[in-house]
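Working notes for the structure below.
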Amino acid sequence: MNPLQKFTKYIDDTMDELHAISLLHTFYSNLPEHEKEIFVIALIGHVTTTHKLLEHEKMK
């Protein structure tokens, strides 16, 4: 599993947690510098996909 897939899975698994933002921040803070950009890309992808899915559901 490549880093983008790993981070996307972690984000998906974490978003339903009560303290999701805190968990994501801690995870991000503990990443090596060279992986932080990939994590941010995964997070933006997750937010964009979630937003599009919610828009689609509203249109039904």
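At least 2 residues being touching a strand residue (DSSP E or B) at 6+ places or on another chain (Cβ under 6 Å) and modelled with pLDDT under 95 is the threshold, and among the helices (runs of 4 or more DSSP H) wholly inside the chain not one reaches it.
For every residue, the table says whether it meets (1) open to solvent by less than 70 Å² (accessible area, probe 1.4 Å); (2) out of contact with any helix residue (DSSP H, G or I) (no Cβ under 6 Å at 6 or more places or on another chain); (3) among the hydrophobic types (A, V, I, L, M, F, W, C).
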{"position": "THR14", "(1), (2), (3)": "yes, no, no"}
{"position": "TYR28", "(1), (2), (3)": "no, no, no"}
{"position": "ALA42", "(1), (2), (3)": "yes, no, yes"}
{"position": "LYS60", "(1), (2), (3)": "no, yes, no"}
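So which residues in segment 31-40 are in contact with a Leu (Cβ under 8 Å, 6 or more places away or on another chain) and open to solvent by 70 Å² or more (accessible area, probe 1.4 Å)? Residues satisfying the conditions do not exist here.
The values are calculated or read from the model by the stated rules, or taken from the named source; none is laboratory data. Source: prediction; values computed, not measured. We place every Cβ from the backbone using ideal geometry, glycine too, and count neighbours over all the protein chains shown. The area values use the complete protein model at the heavy-atom level, side chains included, leaving out ligands, DNA and RNA. Shrake-Rupley method; radii C 1.70, N 1.55, O 1.52, S 1.80 Å.
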